[in-house]
Structure formats: structure tokens, C-alpha cells
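The values are calculated or read from the model by the stated rules, or taken from the named source; none is laboratory data. These figures come from a predicted structure and were not determined experimentally. As a convention, Cβ positions derive from the backbone with ideal geometry for all residues, glycine included, and neighbour counts pool all protein chains shown.
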Amino acid sequence: MTDFIASPTRTGVTGLDNVLCGGIPQASTVILEGTPGTGKTTLAFQFLVDGAVSHGEAGIYVTFEELPSELYANMNQFGWNLRQLERNNQLRVLCLSPETMMEQMMEPDGIFNPS
């Protein structure tokens, strides 16, 4: 009997997927770390937009500092219409405090567990 090995999840960044041998291993947790301006937000949105547009996957982006309007404007520079993806229920951009996020994650009917 052979074990099933799931194929990696592509990031939408060809060079990065190549370095990662096809993408991020499925069921992995990924933390992006770096100083301001190193591309963490851009990489996160490229992953989310590629998932929505190329694979029909819904995504969520939670920010503690940047306002959604700032993110919409910044990502529009790459041709990514985040507002349209939200209208199509393919993406959600949430600006929450860390405390509110934890409360909502624990709430059975919170924003992360809609009925």
C-alpha cells in the first residue's frame, strides 16, 4: 500500500513555486516575516488572488494595522481588483484588533464560522 502524498499548493509566484518544489505543502501553516516594504502583503495577496481567479478558491486577509481602503489602492497597482473579488464572494479583507480576532475565532457564530 502506498501513502497518498498531496501535491503542494501553488503560491501563484512561479519562481517561488519552483524554489518550494511546486509550492507550499498542503496543510502547512506559513508565517511571513520581514521588515516593512519587503513584500509580505504583496505575496499574501498574490496567493489569495491567484487562488480566487485561477482555482475558484475563496480567501480571507486579516489586517491589524492597514485599512482595507489602503490595501485596495496598493494592490490595484498590480491590477488586482480586490473590491470586485469581494463582491464575487471570492475574498474578504478584514481590519480587526487582535483581541476582536481572538474573540471571533472562539465565537460559534463569529465571522470565521458563519451559520
**OP:** Output the qualifying pairs, or none if there are none: Cβ atoms under 7 angstrom, residues six or more apart or on different chains, first residue in the stretch 78-99 and without any contact (Cβ under 8 Å) to a residue 24 or more places away in the chain, second residue surrounded by fewer than 16 Cβ atoms within 10 Å (Cβ to Cβ) and in a loop (DSSP other than H, G, I, E, B).
**Re:** none
Original post:
Can you tell me which residue in the stretch 40-50 is nearest to ILE24 (Cα to Cα), limited to those that are under 9 Å from the mean Cα position of the chain (by Cα) and touching a residue at least 40 places away in the same chain (Cβ under 8 Å)?
Top reply: LEU48
**OP:** Go through the stretch 70-103 and give me each residue that's small (Gly, Ala, Ser) and either surrounded by 15 or more Cβ atoms within 10 Å (Cβ to Cβ) or at pLDDT 95 or above (or both).
**Re:** ALA73, GLY79
**OP:** Could you please find all residues in the stretch 63-115 being among the hydroxyl-bearing types (Ser, Thr, Tyr) and within 15 Å of PHE45 (Cβ to Cβ)?
**Re:** THR63, SER69, TYR72
Subject >> Pair list, Cβ under 8 Å, 6 or more apart: the stretch 51-75 residue of a type in the set (D, E, K, R), other residue in a helix (DSSP H, G or I) >> reply: GLU57/GLY51; GLU66/THR41
Original post:
Just to be sure, is ALA73 hydrophobic (A, V, I, L, M, F, W, C), farther than 24 Å from ILE111 by Cα and assigned by TED's automatic domain parsing to the domain that holds MET101?
Top reply: yes
Subject >> Filtered residues of the stretch 4-25 (kept if closer than 20 Å to LEU85 by Cβ and part of a loop (DSSP other than H, G, I, E, B)) >> reply: ARG10, THR11, GLY12, VAL13
**OP:** Could you please give the count of residues in the stretch 16-42 that are within 27 Å of GLU99 (Cα to Cα) and touching a helix residue (DSSP H, G or I) at 6+ places or on another chain (Cβ under 8 Å)?
**Re:** 5
**OP:** Please tell me if ASN18 is more than 26 Å from PHE112 (Cβ to Cβ) and of a type outside the set (A, V, I, L, M).
**Re:** yes
Original post:
Considering LEU85, LEU67, LEU91, LEU48, which residue is touching a strand residue (DSSP E or B) at 6+ places or on another chain (Cβ under 9 Å) and more than 28 Å from GLY22 (Cα to Cα)?
Top reply: LEU67
Subject >> Residues that are more than 19 Å from VAL53 (Cα to Cα), surrounded by 11 or more Cβ atoms within 10 Å (Cβ to Cβ) and either of a type in the set (A, V, I, L, M, F, W, C) or under 16 Å from the mean Cα position of the chain (by Cα) (or both), drawn from the stretch 20-38 >> reply: LEU20, PRO25, VAL30, LEU32
